[in-house]
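Enquirer: I'd like to ask you about the structure that follows.
The values are calculated or read from the model by the stated rules, or taken from the named source; none is laboratory data. Since the model is a prediction, treat every value here as computed from it, not as a measurement. Counting neighbours? That spans all protein chains shown, and the Cβs are built from the backbone with ideal geometry, glycine included.
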Amino acid sequence: MIDPEYILRTSKQYGLEKQMIKTMEEAGELIQALAKYWFKNASLEKVVQEIVDVELLLIQLKTSLEIPEELYQRILTANIKRFKERVDSGTKNW
Ligand SMILES: [Mg+2]
């Protein structure tokens, strides 16, 4: 578990613009790692490293963008519901 105070300090230290740019960069690295993993040119550990990089930045961004927890949970719940409906219907399409 990450200390919320630490996340807040990080957000203030780097600022929103740098965090957004870094998030795009890390998302690109995750895409690359997944593609390489798919073609057997990357290890699972590399994929996990990139997932963690992106996750940490998403946590920071949620703080920096001051996303209300209620909004986040409402969208998360709706998306999970939609996903569950697709899975339960047996479709193989996203
Ligand atoms: Mg990375």
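Enquirer: When you scan the stretch 24-31, do you find a residue that is in a helix (DSSP H, G or I) and in contact with a Lys or Arg (Cβ under 6 Å, 6 or more places away or on another chain), even just one?
Expert: No, there is no match, as no residue in the stretch 24-31 is in a helix (DSSP H, G or I) and in contact with a Lys or Arg (Cβ under 6 Å, 6 or more places away or on another chain).
Enquirer: I need every pair where a residue in the stretch 20-36 that is at positive phi and of a type outside the set (Ser, Thr, Tyr) has its Cβ under 7 Å from the Cβ of a residue that is assigned to a helix (DSSP H, G or I) and near the ligand (Cβ under 9 Å from one of its atoms), sequence separation at least 6 or different chains.
Expert: As it stands, the answer is none, since no pair meets every condition given.
Enquirer: While we're on this one: Would you confirm whether or not the stretch 2-13 contains a residue that is outside any helix (DSSP H, G or I), within 12 Å of residue 63 (Cβ to Cβ) and in contact with a helix residue (DSSP H, G or I) (Cβ under 8 Å, 6 or more places away or on another chain)?
Expert: yes
Enquirer: Another question, then. Scan the stretch 3-13 and give yes if some residue there is more than 15 Å from the ligand (Cβ to nearest atom) and either touching a Pro at 6+ places or on another chain (Cβ under 6 Å) or basic (Lys, Arg) (or both), otherwise no.
Expert: Yes; the residues of the stretch 3-13 include at least one that is more than 15 Å from the ligand (Cβ to nearest atom) and either touching a Pro at 6+ places or on another chain (Cβ under 6 Å) or basic (Lys, Arg) (or both).
Enquirer: Tell me, yes or no, whether the stretch 26-48 has at least one residue that is of a type outside the set (Gly, Ala, Ser), closer than 18 Å to residue 3 by Cα and within 14 Å of the ligand (Cβ to nearest atom).
Expert: For the stretch 26-48, residues of a type outside the set (Gly, Ala, Ser), closer than 18 Å to residue 3 by Cα and within 14 Å of the ligand (Cβ to nearest atom): absent.
Enquirer: May I pose another question? When the stretch 60-74 is examined, which residues are found to be loosely packed, with under 11 Cβ neighbours inside 10 Å and assigned to a helix (DSSP H, G or I)?
Expert: Selection gives 69, 70, 71, 73.
Enquirer: Considering only residues that are out of contact with any Phe, Trp or Tyr (no Cβ under 8 Å at 6 or more places or on another chain), in a helix (DSSP H, G or I) and among the hydrophobic types (A, V, I, L, M, F, W, C), which ones fall in the stretch 32-56?
Expert: Within the stretch 32-56, 33, 34, 35, 38, 48, 51, 52, 54, 56 meet the criteria.
Enquirer: Scanning for something modelled with pLDDT under 95, of a type in the set (Ser, Thr, Tyr) and away from the ligand (no atom under 16 Å from the Cβ), does the stretch 53-63 turn up at least one residue?
Expert: yes
Enquirer: So which residues in the stretch 75-94 are among the small types (Gly, Ala, Ser) and either under 25 Å from residue 20 (Cβ atoms) or in a helix (DSSP H, G or I) (or both)?
Expert: 78, 89
Enquirer: In addition: Would you check if residue 45 is closer than 27 Å to residue 64 by Cα and modelled with pLDDT of 95 or more?
Expert: Considered against the rule, which asks whether it is closer than 27 Å to residue 64 by Cα and modelled with pLDDT of 95 or more, residue 45 comes out as no.
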